[in-house]
Structure formats: C-alpha cells, structure tokens
Amino acid sequence: VGLSREQLLAGYRQVRAATEALAAPLAIEDMVVQSMPDASPTRWHLAHTTWFFETFILQRALPAYRPVDERYAYLFNSYYVGVGERHPQAQRGLLSRPTVAQVRDYRRQVDHALERFLADAPTATVAPHAFAIELGLHHEQQHQELIVTDITHAFSLNPLSPHYSLPPQVEGWQGSPGRGDGWIDHPGGLVDIGHAGDGFAFDNEGPRHRVHLDPFALARSPVTNADWQAFITAGGYTTPSLWLSDGWDQRVRHDWRAPLYWRPDLDPTAAVCHISYYEADAYARWAGARLPREEEWEALAVSSGAGLPGAGEVWEWTASSYAAYPGYRPFAGDFGEYNGKFMSNRMVLRGGSRATPPGHIRSTYRNFFMPDARWQLSGLRLARPA
Ligand SMILES: [Fe+2]
C-alpha cells in the first residue's frame, strides 16, 4: 500500500520546496565549496536529488523523455554502480560547471516534468513508479540533513566564521520534548524489532523479528555539553584505557581534545553533538555505563508510546554495528544498492536530529556512519542494566 498520486504530488512539492528553503540563505560561492571528501557541495545535493527523480522515474516511466543534459548522469550519480560510471566523490568541489543557475534550471525542468507526470499520466502508468517516487522523497529528505551538516563543515573552516542557521520557515525542525533526569527502565524479555505496517520504511528496517533483551535502562536524556565538559576536565581525552584501540589511534592522529566545533560557550544543557562513535564509547566507559544496543533503543521508544524522551535533538550512537536483520531482503533492482551494500564497518545511530525533516523520524529508523565520523549531528545516550 503506497501513497495516492495526490499524496505523491503534494509530498513532492513540499519536499522539493523544503530543499530550496535550506539553500536560500546561501550565496552562490557557498554552494560550490567541498570542504572534505565526505561533505558535498550544496550545488551537488541540489543536482543529485534531481538526478534521482530523472533517472529512476522520468526516464523509466516516459519513453519520450529526454534528459535535461546527458552528461549529468556521470556528474550526479552518487554510488549506484549498476547505473553507470560516476565522477569521484572527493572531486565534487572542483567543478565550476554546471553553474548553480544551471542546476536550479535542471531542478525546475525535472519538477515540471514530474509534476505533469503525476497530474496527467493514466493511473496505470503512474502506479508502477509510485514507490520509486516515494523513495525519492525520503532520499531527498536525507540529503536535506546533509546539506546542513556539509555547509556547517565548510563554514567551520572559514576564518570569517560564517554561520548557517536553519531557515525559520522550516517548521518543526527544532525541539526535544520530554527530556529530563534519571533513567527509564525496560523489563526486557522477548520483543519484536523492525518495521511493521503499511507506512514507508527503508529495506534495512525489516524484516520484523524477535529478539531477547535482558532488563535494561536508558537515560531519560542524551548526554549534555556540561556532562561532556566534565569528561574533558577529568582527562577523558588523555586516558587510553577508556578508548577502543581504533578510537585511540584516531584520537592521536587527529589530536581530538573535544567534539568537533566545540566552544566553551555552548549551551551546557543542550545535548553534546559532533562526536564520533569512539568518543561516545569512551565517554560511556568513563561514566560507568555503556551505549545502548539498537534493539534496546527501539524497544523503549516503542513501549513509551510517544517516542523516547529527549530523542530528536541529536542522532544517538548505539553499540550496534550496522548489519542485516535476519531474513533481510534489499529493495529490488537498482535500489538494492541503496542501503544493503554499506553493511560493514559502520555503526548504527538512532533517533534523529534538529536538522532531520519532520516526518523522517521513525522509531525503527537505522542511520549509519563510519565510527570516526564527527560532522553529523551525532551524540549519545547512556545505557545500563536495570
Ligand atoms: Fe543520495
């Protein structure tokens, strides 16, 4: 059961407009910078999300459709090996062409074609592509958060200290309801984990399966900046016994002494942000606790009804490596490359952040990054036996 064409059309307009709103505060020059291989220029995000709809919907659904520019397939394919050759990810910031204006024109042309398709094509023609369109909307929402994290990284390297703020017209992207002190207990036992029902989910959120959990407790809030300052003051960054071996190597190599973008004047009550998995793990050990398993996080989020208190401010590193659930089946066809091929060497994060679009947060959602990644809005929540 998917979305109706009216829902797809409304969703398409909303998501595409939200992307434009995120880019609106930026200057042309901001949009073409690539500050590191993992972070892409805003211009690339604007084009790549458009390429997704052009490649996987318009070109497949409409035999007469001609790409806006045949060369964009090479420039704006991210990692779909099955779809063709790709421009190297680390070189996305070397391109002055196509210009931002040309990319904006690309977006307009694809929008026009896709909206006409949804409005005018026979239902039997739209139906086989409804899932790909819905996936494209969730895909673009993922890139909306990356637009924020990637421009934040670029600005952080600029001696003029430009600041990127989420546009005020992007409603519902702030806030962290229900956080407080103390712990929330869970009795453990057999619990069902993974997506169920008719709503959208990525393939990696299923299949639903049963796991056993020992009784456990999770903190009612993520770890705060004040907590983290205590960790720094106590020598957390200079005590190798707190760290995993790979983590200590990274700490030494990059001379980590605090989270990325750390400043002494950060709000002490806000969740600590921009830490790697290794830092989260070291902090938990220092605190006499541990990181949650992803199943614990999900079980408590589901059983507390309105979601886990304090969730949605920062993505929360878990102790779980990103792997397939029992019986996992990747999306069919080219979308099989979307999630499944990244199931090694990455750790799962749960929750969502203040830059995650509303409607993109689910209790079963599995975000994943390399354990040394710090430019995402990543924090942690402690776990312990009940
Ligand atoms: Fe993508």
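The C-alpha radius of gyration of the chain, expressed as a fraction of 2.2 N^0.38 Å, stands at 1.01. On C-alpha positions alone, give me the angle between the axis of helix 5-23 and the longest principal axis of the chain, in degrees, nearest 10. Result, in degrees: 70. Compared with the dominant Cα axis of the chain, that is its longest principal axis, helix 245-254 is turned about 70°. The modelled label-to-label distance between Ser303 and Ala230, using points 7 Å beyond Cα along the C-beta direction, is 2.6 nm.
The listed residues His129, His139 rank as His129, His139 when sorted by accessible area, largest first, using a 1.4 Å probe.
Rounded to the nearest 10 degrees, the inclination of helix 294-303 to the longest alpha-carbon principal axis of the chain is 80 degrees. Considering helices alone, the calculated mean residue ellipticity of the chain at 222 nm is -10500 deg cm²/dmol, with DSSP H runs of length four and up weighted by -39500 (n - 2.57) and normalised per residue. Counting only protein chain heavy atoms and rolling a 1.4 Å probe, the accessible areas of Arg329, Arg366, Arg104 rank, largest first, as Arg329, Arg104, Arg366.
Placing unit charges on the Cβ atoms of the charged side chains and taking the dipole of the chain about its Cα centre, the candidate lying farthest along the positive direction among Leu380, Leu300, Ala113 is Ala113. Here Met36 and Asp120 are evaluated by their C-beta separation; at R0 = 51 Å the FRET efficiency comes out at 0.75. Heavy-atom accessible area, probed at 1.4 angstrom with all protein chains present, ranks His112, His163 as His163, His112, highest first. If R0 is 51 Å, the Cβ-Cβ spacing of Ala21 and Asp185 corresponds to a FRET efficiency of close to 0.80.
The residue among Ser241, Val83, Ile193 whose Cα reaches farthest toward the positive pole of the charge dipole of the chain, with charges on the beta-carbon of Lys, Arg, Asp and Glu, is Val83. When the Cα positions of Leu266, His254, Tyr283 are compared along the charge dipole of segment 223-296, His254 comes out farthest toward the positive end, with charges on each C-beta of Lys, Arg, Asp and Glu. Could you list the chymotrypsin sites (Phe, Trp or Tyr not before Pro) in segment 36-71 that lie in coil according to DSSP, counting only those with at most 16 other Cβ atoms within 10 Å of their Cβ? Those satisfying the criteria are Tyr65.
The values are calculated or read from the model by the stated rules, or taken from the named source; none is laboratory data. The shown structure was predicted, so the numbers you read here are calculated from the model rather than taken from an experiment. Don't worry about glycine lacking a Cβ; one is built from the backbone with ideal geometry, like all the others, and counts go over all protein chains shown. Accessible surface is based on the protein model in full, side chains and every heavy atom, while ligands, DNA and RNA are left aside. Shrake-Rupley method; radii C 1.70, N 1.55, O 1.52, S 1.80 Å.
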